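All of the numbers you see were taken from the coordinates with simple rules; none came from a lab. Keep in mind that this is a model prediction, so the values were computed, not measured. Backbone-built Cβ (ideal geometry, glycine too); neighbour counts: all protein chains shown.
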Amino acid sequence: MAPIVESDSPLGGYLTIDYIAQRGYPLVLVTSGRLGSINHTLLTIEACRARGVEIPLIIYNRYPATDPTIEASTLDYLKRLSIPIVELLSHE
């Protein structure tokens, strides 16, 4: 949702998601188990679906390691979606 060209419109003009949607590019979404990331991830998925942007893959980044409870519950929730997930594991 970051603006590429700013304007006085409520959403700030021409957004990155507009650029992706107009070109028909798919989006690989990278997320993590940090506090608040589930909200950002679900909002991103919703925005992409509203614009017809395909998300063929979610990359779940576990590096650096964060709270194991939040990581596990976030990953469990995301696995219920109809989007494949690849985990990047922390080596700590």
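For the peptides 22-28, 34-40, the ranking by mean Cβ contacts within 10 Å, running from highest to lowest, is 34-40, 22-28. Across the chain, the mean sequence separation of Cα contacts (distance under 8 Å, 6 or more residues apart), normalised by length, yields a relative contact order of 26 percent.
Which whole number in µm²/s is D for the range 1-75 by Stokes-Einstein, with the Kirkwood Rh taken over Cα pairs at 20 °C and 1.002 mPa s? Rounded to a whole number, D works out at 157 µm²/s. The C-alpha atoms of the chain define a longest principal axis, and helix 37-51 lies at about 40 degrees to it. Each label point was placed 7 Å from the Cα along the Cα-to-Cβ direction; for L89 and V5 their separation is 4.7 nm. In this label model, I59 and L81 are separated by 1.5 nm, measuring between points 7 Å along each Cα→Cβ vector. Each part gets one Cα centre, and for the range 52-85 versus the range 12-41 those centres are 14 Å apart.
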